[in-house]
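Read-outs: derived from the displayed coordinates by stated rules, not from any lab. Predicted, not measured: the structure shown is a model, and the values here were computed from it. Here the Cβ positions follow ideal geometry from the backbone for every residue, glycine too, while neighbour counts run over all protein chains shown.
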Amino acid sequence: MLCYSTASLPDRFTPSQIAETLLPTPFRGVELAVTPGHLRRANDASFWLGFRTELETRGLCIRNVQLGHPFLLGPVAHSPGLSSPDPVGRQRRIEAALIAASIAEKVGSPFLTVTTGLPERAGDFAVQEKLFFDSLSEIVSGRPKKVKVAIEQEPEHVIHRTDQMLFLCRSFEGEVFSNFDVGHSFVAGEDPAQCIRELGRYLSNIHLEDIKGRVHKHLMFGDGDIDFRALFAALKEIRYQGDLTPDLYPFKDEPVKALRESAEFLARMG
């Protein structure tokens, strides 16, 4: 399904405004980017029922609940993370993920996407990978069973490579998937098309943006160096049936333009 992220829409948008913006486009899926306000309203069942109903009555559905907000838990970006050596901070992030998983269940999302967090201590990268594995285990065991977990790799984070994601997906077979970000893969020095072939059945959602010079700055399609024709050829080769989600948060204040250009780009890609 073609999806669009609320992270790429103005922060003030209500569910009604989200629907009104997406309906003139081919995007019928919504990726809900969780904010601190969403976490505070996690137990407000009537709010989430209204959120879901407003979208579904307009022919839209939430496909993914994503925890990429940099200041979700405080003023330090992406901190504390699921790989944090600080057990108290790490537990706060686990609890936030489980709260977000309960939101995913309320809005009918099949996936919850997590990121790992920035490395917080030099010299023990392997330790922080292990801490993330342990955190992921808690989230998988504690989440609503209808909600699967996906991992989005971030170039600056502890989990930033395809081989790391493959290991985790295989370790939690059928429970953990890849929310693969094409631009992040390119920034990490990978060939995104080849990574798609390697991840194959573990792919649940694909974030799309262009990147110039392997610098982590999300650009509109055609403004960077990514070979999208090779990328979409790889998707066709593996018979990908998951979601496609432009990740264009730098353009959130001009959503109509970004949506139009995204739709035109995806049409060109077939």
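Among the trypsin sites (Lys or Arg not before Pro) in region 119-173, those located in a DSSP loop and surrounded by at most 10 other Cβ atoms within 10 Å of their own Cβ are 145.
Taking every DSSP beta bridge that has both residues in the chain, what percent is antiparallel when rounded to the nearest 5?
Values: 1 of 27 bridges.
For the chain, the DSSP antiparallel bridge percentage is about 5.
Straight-line cross-link reach from residue 148 at under 17 Å between alpha-carbon atoms covers these aspartates and glutamates, not counting any fewer than eight positions away in the same chain: 31, 95, 105, 134, 138, 173, 175, 243.
The modelled label-to-label distance for the pair residue 194/residue 1, using points 7 Å beyond Cα in the direction of Cβ, is 3.4 nm.
Computed from the C-beta positions of residue 249 and residue 20 and an R0 of 25 Å, the FRET efficiency is 0.80 to the nearest 0.05. In straight-distance terms, cross-link reach from residue 212 covers every one of the lysines whose alpha-carbon lies under 22 Å from its own, apart from those fewer than eight places away in the same chain; here that gives 252, 257. As a length-normalised measure over Cα pairs under 8 Å and 6 or more apart, the relative contact order of region 3-268 settles at 18 percent.
Would you please classify the overall shape of region 86-215 from the alpha carbon gyration tensor, given that a ≥ b ≥ c denote the square roots of the eigenvalues, rounded means a/c under 1.5, and beyond that prolate means a/b larger than b/c while oblate covers the rest? Verdict is oblate for region 86-215. Cα centroids of region 215-257 and region 108-123: 21 Å apart.
Quick one: grab the alpha carbon gyration tensor of region 112-169, order the square roots of its eigenvalues as a ≥ b ≥ c, and give me rounded if a/c is under 1.5, else prolate or oblate depending on whether a/b is larger than b/c. Could the numbers behind the result be given before it?
On the way: a/c = 2.18, a/b = 1.68, b/c = 1.30.
Cα axes put region 112-169 in the prolate bin.
The modelled label-to-label distance between residue 35 and residue 257, using points 7 Å beyond Cα along the C-beta direction, is 2.2 nm.
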